[in-house]
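A short write-up of the structure that comes next.
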Amino acid sequence: LVIIVIFQSDIRRALTQVGTAPLFGAERMVQRREDIIEEVTEAIRNLASRRVGALIVLEREVGLNEYIEIGTRLDARVSRELIESVFLPGSPIHDGALVIQKRRVTAVRCLLPLSATPNLRTTLGTRHRAAIGVTEETDAVAIVVSEQEGTIALVVGGNLTERLEPSRLRNALEGLVKL
């Protein structure tokens, strides 16, 4: 009894870790690449139809850890509901970017570098400039929803493709993202 009292916090910590660890070494279910692309595309379609601004960055080969360190860390399954709830205007984490790495939403509210390109249209907002900036510095793929126009844009290698339909976005992501 004395041992239990003395080591109470250590025992509690150990039981907490046992409770969160996979049972018998089973790994967590990994989402299929196609399912992730579908969840992202549907969330973007819904956000655009409601004119809710969003910025999603998908990591490819070059790591995005320096950008997620500033944001709010998550380790969550990619789902339409999660993505939509992050960007709702009343959400405390709606500003900044949502980052997807290794088939997981790893961070939200991430600050990205703005593009320094001088010849960008003056009508482009901060989300678009951040999407261009992060894709100029990395090989990431960025998706932007404009809250003013309710349009979808895809940014790869600093090149902005605007006014995409969800089906074209899905096809582009299938060709660009390995996850």
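The values are calculated or read from the model by the stated rules, or taken from the named source; none is laboratory data. This one's a predicted model, so the numbers in the text were calculated from it and none came from an experiment. Note: ideal-geometry Cβ built from the backbone for every residue, glycine included; neighbour counts use all protein chains shown. Note: areas computed on protein heavy atoms with side chains; ligands, DNA, RNA excluded. Shrake-Rupley method; radii C 1.70, N 1.55, O 1.52, S 1.80 Å.
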Original post:
Helix 8-20 versus the longest principal axis of the chain: what angle, 0 to 90°, nearest 10, using Cα atoms?
Top reply: 50 degrees
**OP:** Working with all protein chains in place, sort 143, 4, 11 by solvent-accessible area computed with a 1.4 Å probe, largest first.
**Re:** 4, 11, 143
**OP:** Please report the relative contact order for the range 51-163, taking Cα pairs under 8 Å with a sequence separation of at least 6, and give it as a percent rounded to a whole number.
**Re:** 32 percent
**OP:** Show that you can apply the helix-only estimate: for the chain, add -39,500 (n - 2.57) for every DSSP H stretch of four or more residues, divide by all residues, and state [θ] at 222 nm to the nearest 500.
**Re:** -11500 deg cm²/dmol
Original post:
Which angle from 0 to 90°, rounded to the nearest 10, does the C-alpha axis of helix 126-137 make with the longest principal axis of the chain?
Top reply: 80 degrees
Subject >> Answer label, with Rg and Dmax of the Cα atoms in Å calculated from the coordinates and candidates (i) 18.0, 62; (ii) 16.3, 51; (iii) 19.2, 73 >> reply: (iii)
Original post:
Between 74, 44, 3, whose Cα lies farthest towards the positive end of the dipole of the chain when Lys and Arg beta carbons carry +1 and Asp and Glu beta carbons carry -1, centred on the Cα centre?
Top reply: 3
Original post:
Using the Karplus equation 6.51 cos²θ - 1.76 cosθ + 1.60 (θ = phi - 60°), what ³J(HN,Hα) coupling, rounded to whole Hz, does each residue of the range 69-77 give in order, writing x for Gly and Pro?
Top reply: 4, 7, x, 9, 6, 9, 9, 10, 5
Original post:
According to a simple spin-label model (label point 7 Å from Cα along Cα-to-Cβ), what is the distance in nm between residue 61 and residue 77?
Top reply: 3.2 nm
Subject >> Electrostatic dipole magnitude of the chain [Cβ: Lys, Arg +1; Asp, Glu -1; Cα centre; debye, to 20] >> reply: 240 debye
